[in-house]
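K.L.:
Take this structure, written in C-alpha cells, and hold onto it; I'll ask about it next.
The values are calculated or read from the model by the stated rules, or taken from the named source; none is laboratory data. As the structure is a computational prediction, the values presented were derived from the model and not from experiment. Counting neighbours? That spans all protein chains shown, and the Cβs are built from the backbone with ideal geometry, glycine included. Heavy atoms of the whole protein, side chains included, go into the accessibility calculation; ligands, DNA and RNA do not. Shrake-Rupley method; radii C 1.70, N 1.55, O 1.52, S 1.80 Å.
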Amino acid sequence: MNPLCSRCNLVVYPTEKVNCLDKYWHKGCFSCEVCKMTLNMKNYKGFEKRPYCNAHYPKTNFTCVADTPENLRLKQQSKMQSQVLYREDFEKNKGKGFSVVADTPEMQRIKKTQDQISNIKYHEEFEKRKMGGEAPHQPSSPNPAAYQSSAGSQNYNYEPAPEPVRQAAGGPPPSAGKRYRAVYDYSAADEDEVSFMDGDVIVDVQQIDEGWMYGRVERTGQQGMLPANYVEAI
C-alpha cells in the first residue's frame, strides 16, 4: 500500500516519492514551510520534522536547548571532565605555590599588565632623578687631608648611566590567540562563560579542551569560556 504525502495527504507513488524527516512527500510538496520553495535532499534543513530553506530556518535560543535532557547530560559531563582535569593539575603542582592559577590566560594577561605598569613607574622615577629631583648626598664637614690622600690613589670619573629605552604606555601586547566567528547565539550559563550573538567576532581565542575555548567578544569586550561548536575559525 502506497503511503500518504505529509503535505497534501494524497497517495505518494514510488516514482514521485521523497522519504525524509521520517515522512513521505511528493517531490513538489517537499518545500519550505515559510516561502514554499521546492527543496531537495541537499539544501533542506529540518526543524521539528518539517523542512525549511536556509533563509527561513528557525533560529533557536540556546537557553531553551540547554534544558533538554541531552544538553543537560553533556553539560554535566563537561563539568565532571573539568573537575577531573583540575584535580590532576592540582596533584601535579601540589607544593609549587599557585602556578596552576598563574597559568590561566586571564592571570597571564593581568601579570603582563602589572609588569608593564611597574616598568613605566620605574622609568618615570628615573627621569625625575636625572632631572635633579634628588640631590646627591654630601658630607657636612669633609676632611681636606683625607680627601686629597684618597684622590691621589683613586680616579673618580663619573659617567652617567645610559638612559633605558622608554616603552610605550599602552595596554598589554596582543595575544597570539586565533579569531573566530559565532555561527549561533549563546547565552552564558555560568559566571565564567561569555554570551555572544550570531555573527560576533571572538578574538584572542585559546583552546581549553575539545568542547570549550577561552576568548574575548570583540563587540562587547567581555571575556570568558565559550563552546567550541558554536564558532568557526576565520
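K.L.:
So which lysines can Lys49 reach, going by Cα to Cα under 19 Å and dropping same-chain residues fewer than 8 places off?
P.N.:
Candidates past the 8-residue exclusion: Lys17, Lys23, Lys27, Lys36, Lys59.
K.L.:
Also, I was wondering about something else. For every other residue with a beta carbon closer than 13 angstrom to the beta carbon of Asp115, add +1 if it is Lys or Arg and -1 if Asp or Glu, then tell me the sum.
P.N.:
+4
K.L.:
Let me ask you something else. Kindly state, as a whole number, the per residue volume in cubic angstrom of the convex hull around the alpha carbon atoms of segment 7-63.
P.N.:
In segment 7-63, the Cα convex hull volume per residue is 89 Å³.
K.L.:
While we're here: Considering amide H positions built from the backbone, and no H for Pro or chain starts, which residues 5 or more places from Glu193, or on another chain, come under 5 Å of its amide H?
P.N.:
Those qualifying (amide H under 5 Å, at least 5 residues apart or on another chain) are Met225.
K.L.:
Given the peptides 27-38, 81-92, arrange them by the average over their residues of other C-beta atoms within 10 Å, most packed first.
P.N.:
By packing density, highest mean first, the sequence is 27-38, 81-92.
K.L.:
For segment 193-234, report the accessible area per residue in Å² (1.4 Å probe, heavy atoms, rounded to an integer).
P.N.:
Each residue of segment 193-234 exposes 50 Å² on average to a 1.4 Å probe.
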